[in-house]
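What follows is a set of notes on a single structure, which appears directly below.
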Amino acid sequence: MTAIPLLSADELSVGYGAEPVCAPVTVAVAAGTALGIVGPNGAGKSTVLQTLVGLLPPLGGTVQFDGRDVDEREAPFRRAVATVLDDDAFFPSLTGAEHLLLTARGHGVGDPERAVAAQIEVFGLAERAGALPSALSSGQRRRLALAAALVRPFRLLVLDEPERRLDAQMRRRLAARLAAAVAGGAAVVFASHDADFVGALATRVLVVDDASCPVVPTADAVAALHEG
Amino acid sequence: MGVRRFTRRATAARADTSWVTQVGDVLSWLTSAAVAIGVLAGVVSSLRERIAARPPVAAAVLPGAVTAGVAAVLLTGGVLGVLARLGPVSATPAVAAWWLPLPAGRRGLLRGELRRVAAVTVLAAVAAAVPVLLAGPASPTVGGVLLGSVGAALAAAAVVGALVVLQAAGRIRWVSTAAGGLAVVAVVVPAAAASAAAGLGREPADGTVLPAPPPALAIGLLAGTALLAALALIAADRRLTRLPAGALRERGETVQYASASALSLDARELGRALGTVVRTPRRPRTWTWVTGPERAVVAADLAVLARSPWRWGQLAAGAALPVLAARTRGLGDVPALVAVAVVLGWGLAAVSVGEPSRRAHASPAADRTLPLSAGVVVRLRAVVPVAVLVVVCGVSALLVGQGAGSPLGWLAVGAATAPAWAGAAVRGGYRPELDWSGPVVSTPFGVLPTGVGATLVRGPDLGVLGTAPLAIGLLLGEAPPVLVAVQLAWASALAALAVETARKKS
C-alpha cells in the first residue's frame, strides 16, 4: 500500500532572486517517515528546507502540505508543522521554561507543566530552565529551540542540522526522541552532515546537488557520508 | 582621495534613479503636502470663529524657566544614558583585534578615543544648553548665555571623565538606569505638581524668572566646575590602562551598530542598538489563564512589558509631557505647541508598548510557533498597546484639558485616540527593513535607499494623523461628544488600516 504523502514537492526549484541554488527537487514525505537531506556546504539544503515550509517562494514547481499549496501564514499549517531553522527566535525577557510553557499552553497541550518538565529533562536543561535566552550558551539555545518544537503537537517536524552544537550523548538522545515521534505517526524532514544521525533516523535521503537531487536509500547516503 | 572617488563613482553607477524620477518624487510629495495643508486649512477656516472665541487657558501655572530646567535635566539624562551604553570609551572590533594585543601601553592607544568622546560630548552639551539658556530667563543676556555655555561644556567634560572612571571600575551599568529614572522624574513630578496646583486653582507668585546668580558666585561656580573637569579627565586618562579588551570590543560593536542606525536615520535600529539589558526574572510565570494561542500572544506581550520597568517610566513620561506643555505659561496658551507635545508624548508611549511587535519582527520565527494565522497574530499584538494606551492617553488628555470644558470629554477623547497610537505601535514595529539592494540616493547623511522617508515614518505617521480630531479640540478649547465620536471612529479606522498593512508586510 502506498502511503499518502503529507508533504510533496514536484520539480521544486529553490534559490534567491532568479538563480536556483541546486537542481529541481521532487520528493514525497509520508506520515510516519523521516526524510534526511544531505549535501556539501552551500549545496542548498537550508534553502530547500525554507522553501518546503513556505519561508521562501519557489522559483518553479510546487510544494504541497496535506494536498494544499504551502502557506506558512495560515493557522492550520502552523498548527501542524513545527520547525527549528533558527536558534535565536526567542523573547529576550522570557526564560527558557516560560518559552516552553507558553508554547505548550498556546497549542492546548493537556497538562502543560508536565509536558514542559519532560522536555526539560530530555534536553538536559533543568539547571538552566530559569535563565533568559541571552544567558544560555549556543548549545543550550539549540536544545531549547528543539525542546520548544517537541513540547507541542505536530504532524510534520522540519529541522535544519538539529545535531549542530550538540554533544554526542545529546545527539543520540535527540535521534531517539525523533525516532519515537516518527514511530508515533509524525513525519520528520531534516538536513544533516552527521552520518550516524542520518543513519539512526532517516527512512530515505534526499541528496542535494547542482546536477540532480536524487532520493536514495539511507544506507547508500550514510556510506557516502562516511566516505566524505 | 582615490578610494573616495572610486566609491562615489561606484555609488553613482548603482543609483539608477534619474533626475526625472527624483523630481517626480519631489513633486508628488509636494502635491500630497499641499492637499493635506489645504484640507487642514479648510477645517481650521470653518472653525475660525469658534477658535477665536476659545476661552483663555487659566490653568497654566508653571513658569517657562521651570520647563526649561526640565528640558536641561532631560538632555543631561539622555547624554548620560547614551554615554554609559556606548562606553564611553570603546574600541572597534578591528582596533580590539589589532591594537589592543600590541605590547604597548593601552593608555596611549585609547587616549585619542577619550579626547574624541569628550570633544563630541562638550559640543553636544553646548548645542543643547544654548536654547535652554535662551528659554530660561525672561531677558537672556549675551554674557549669561556665554557663561552658561562654558559651564555646560565644563560639566560635560567632567561627566565624561567620571564615567570613564566608573567604566574602569566596572560600575557603569547603573548609570543608564539612574539617568533614565532622573529623566522620568524630571518630567512627571513637575507635571503632577502643576496639575495639582491648577486643580486647586493656585497660581505661583512672581516666580516666573530664575534669579541670576551674582557675578562672583557665577565665576566661582565656573572655576569649581573647571577644576572638577580637569581632575575627572586626568583620573580618566590614568585609568585607561584598566579598561578590559572584551568590554571595549563589546562597546565598540554597539557604537558601530548605533552609528550605522543613526546615519541611516533608523530610529528602530538605534533603539535596538542602545537597548537595555534584560535581567532574569525572580519569579517564573505559570500563565494558568492562558488556555489558547490568542491568550498566549497576549501573555507574551504582557510579560515583555512587565519585565521592562524602564518602559513603564517611558509611559509615565509620555503621559506627563503634554501635561507639562499645557501647564507651562507661554506654551499652554498656544494649542499648536500643546498638540506637538501630545504627539511627542503619546508617540513615546506608543514606542514603549511597541516593543513586542519590534521583537516579533526581529525574530519572525516566534510568531510562527503558535497555531494562529499571521494576520491574527498581528491583530493580537495590538491588544496590549490598546489597553495600556487607553489609560495613558485618557489620563494625559484629562490633565491637558484641565480647566477647559468637561473633564469627562477630555478623558474620553484622549482614550479614543488610543487605537490610532496602538496601530502606530504595531505598524512601526512590523515596518520592513530598509531595502539597500535597490536604487540609492546621495544625502547629507550619506547614501540612503530611495523611499527611506516613507519607510521610516511608518508608525508615527498614523499616530499623528489619528490625533487630528483631538488637535482640533485643543484649538477649540473643548471636547464635545461629537468630537469624541469622530475621534473614536477615525482612530479605529486608522488602527484597522495599520494592522492590515503590518500584516501584509509581516
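For the stretch B:291-505, the average shadow cast by the Cα convex hull is 13.4 nm², which is a quarter of the hull's surface. Taking the inverse of the mean 1/r over every pair of distinct Cα atoms in the protein assembly as shown gives a Kirkwood hydrodynamic radius of 29.4 Å.
Between the stretch B:119-188 and the stretch A:175-215, the C-alpha centres lie 61 angstrom from each other.
When you count the other C-beta atoms within 10 angstrom of each residue and take the mean per peptide, A:21-31, B:351-361 line up highest first as B:351-361, A:21-31.
Could you tell me how many degrees, from 0 to 90 and to the nearest 10, lie between the Cα long axis of helix A:112-122 and the main elongation axis, the longest principal axis, of the Cα atoms of chain A? The helix A:112-122 is inclined about 70 degrees to chain A. Figure legend: label point modelled 7 angstrom from the Cα of residue A:173 along Cα→Cβ; residues of the stretch A:123-148 with amide N under 14 Å from it are A:123-129, A:139-148. Taking every residue in B:357-366 and counting other chain Cβ atoms within 10 Å of its Cβ, the average works out to 4. Shielding value for A:129-136 is 3, the average number of Cβ atoms from other chains within 10 Å of each residue's Cβ. For residue B:286 and residue B:219, a Förster radius of 60 Å and the Cβ-Cβ distance give a FRET efficiency of 0.40, rounded to the nearest 0.05.
FRET efficiency for the pair residue A:180 and residue A:127, taken as 1/(1 + (r/R0)^6) with r the Cβ-Cβ distance and R0 = 22 Å, rounds to 0.35.
Given a Förster distance of 25 Å, report the FRET efficiency between residue B:120 and residue A:134 from their Cβ-Cβ distance, rounded to the nearest 0.05.
That pair, residue B:120 with residue A:134, gives E of 0.25.
Within the stretch A:150-186, whose backbone N sits under 12 Å from a point 7 Å along Cα→Cβ of residue A:111? Those under the cut-off are none; the list is empty.
Between residue B:496 and residue B:111, the modelled labels are 6.8 nm apart [label points 7 Å from Cα along Cα→Cβ].
Rounded to the nearest 500 deg cm²/dmol, what is the calculated helix-only ellipticity per residue at 222 nm for the protein assembly as shown, with -39500 (n - 2.57) per DSSP H run of length n ≥ 4?
Here the helix-only value at 222 nm equals -19500 deg cm²/dmol.
The alpha carbons of the stretch B:322-362 occupy a box of 43, 14, 8 Å along the principal axes, longest dimension given first.
Going 7 Å from the Cα of residue A:64 toward and past its Cβ, which residues in the stretch A:139-154 have a backbone nitrogen under 14 Å from where you end up? In the stretch A:139-154, the label zone of residue A:64 (backbone N under 14 Å from the point 7 Å along Cα→Cβ) covers no residue.
Among B:324, B:462, a tally of other beta-carbon atoms within 10 Å of each Cβ gives an order, fewest to most, of B:462, B:324.
By how many nm would the segment from residue B:362 to residue B:235 grow when fully extended, if each residue of separation counts as 0.36 nm and the alpha-carbon distance is taken off?
In short, 41.6 nm is gained.
Please give the length that would be gained between residue B:406 and residue B:94 if that part of the chain were fully extended, namely 0.36 nm times their separation in residues minus their C-alpha to C-alpha distance (nm, one decimal).
Separation in residues times 0.36 nm, less the Cα-Cα distance, equals 106.1 nm.
FYI, it's all coordinate maths here, none of it is from the lab. The model shown is predicted, which means the values in this text are computed figures rather than measured ones. Every residue, glycine among them, receives a Cβ derived from its backbone with ideal geometry; neighbour counts consider all protein chains shown.
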